[in-house]
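J.: Below you will find the structure I want to go over with you.
The values are calculated or read from the model by the stated rules, or taken from the named source; none is laboratory data. Since the structure is predicted, the reported quantities are computational estimates derived from the model, not experimental observations. All Cβ positions, glycine included, derive from the backbone under ideal geometry; neighbour counts span all protein chains shown. The accessibility values were calculated without ligands, DNA or RNA, using every heavy atom of the protein model including side chains. Shrake-Rupley method; radii C 1.70, N 1.55, O 1.52, S 1.80 Å.
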Amino acid sequence: MSHHLLLIIHLLCASIWVGGHLLLVFGHLPQALKEKNQNIILNYERKYEPVGMTALVLLVVTGIMMAYKYGVSFEYWFHFATPIEKVVSTKLLLLLLTVLFALSAQFRVLPKLKNNPDKLPEMTFHIVSVTLIGVLMLVFGSFVRFGGF
């Protein structure tokens, strides 16, 4: 697959992933907190999750494929030796952090949130954190255009 097509798929999926989280943070989260109504978050998550998780999987796949096209294969991950390796490795670390937040939310926070609106602040922390990480990944990815950092 051509690098350009991979990049287009990657950018579309980043739009879905980051855009969906920004919509959650700025569009739904304030109302849920104001009304102390966790169902606003839960309903959004239920609708967004199939699209968002598909976008995330495609982001990972296209990101790894593009990293290989830049010569940053598995054995060079986390070496931070070249500018492109730094971008790839930083994004992989942020991806790992995203996965940890997702696991924490899925298995620890969401089950309690379903019956207890008092868990909204903890869920808010998870939502805002994953959103900030997504924005950071987007910004760091833009450095590839300049040869890395």
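Yes or no, residue by residue, for (1) outside any helix (DSSP H, G or I); (2) without any contact (Cβ under 8 Å) to a residue 12 or more places away in the chain; (3) over 17 Å from the mean Cα position of the chain (by Cα):
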residue: L7; (1), (2), (3): no, no, no
residue: W17; (1), (2), (3): no, no, no
residue: L24; (1), (2), (3): no, no, no
residue: G27; (1), (2), (3): no, yes, yes
residue: P30; (1), (2), (3): no, yes, yes
residue: P50; (1), (2), (3): no, yes, no
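J.: For segment 72-83, enumerate the residues that are in a loop (DSSP other than H, G, I, E, B) and open to solvent by 90 Å² or more (accessible area, probe 1.4 Å). Working first, answer last.
T.: Within segment 72-83, the first condition is being in a loop (DSSP other than H, G, I, E, B), and the residues that meet it are 72-73, 77-82.
Within segment 72-83, F78, H79 qualify.
J.: Could I ask something else about it? What residue, of V128, V144, V109, V87, is open to solvent by 40 Å² or more (accessible area, probe 1.4 Å), at negative phi and assigned to a helix (DSSP H, G or I)?
T.: V128
J.: Among the residues of segment 128-136, is any touching a residue at least 12 places away in the same chain (Cβ under 8 Å) and closer than 25 Å to M1 by Cβ?
T.: Yes.
J.: Right, next: Check K69, K114 and return the single one that is open to solvent by 80 Å² or more (accessible area, probe 1.4 Å) and within 26 Å of F26 (Cα to Cα). Reasoning before the result, please.
T.: Numbers: K69 fails: within 26 Å of F26 (Cα to Cα).
Testing whether each residue is open to solvent by 80 Å² or more (accessible area, probe 1.4 Å) and within 26 Å of F26 (Cα to Cα) leaves just K114.
J.: In addition: Hey, does segment 112-122 have a residue that's assigned to a helix (DSSP H, G or I), among the basic types (K, R), out of contact with any strand residue (DSSP E or B) (no Cβ under 6 Å at 6 or more places or on another chain) and free of Cβ contacts under 8 Å to residues at least 24 places away in the same chain? Lay out the reasoning, then the answer.
T.: Of segment 112-122, the ones assigned to a helix (DSSP H, G or I) are 112-113, 117-122.
Narrowing the set further to residues that are among the basic types (K, R) leaves 112, 119.
Add one more test, that the residue is out of contact with any strand residue (DSSP E or B) (no Cβ under 6 Å at 6 or more places or on another chain), and what stays is 112, 119.
Within this subset, residues satisfying the condition of being free of Cβ contacts under 8 Å to residues at least 24 places away in the same chain are 112.
Scanning segment 112-122, I find at least one residue that is assigned to a helix (DSSP H, G or I), among the basic types (K, R), out of contact with any strand residue (DSSP E or B) (no Cβ under 6 Å at 6 or more places or on another chain) and free of Cβ contacts under 8 Å to residues at least 24 places away in the same chain, so the answer is yes.
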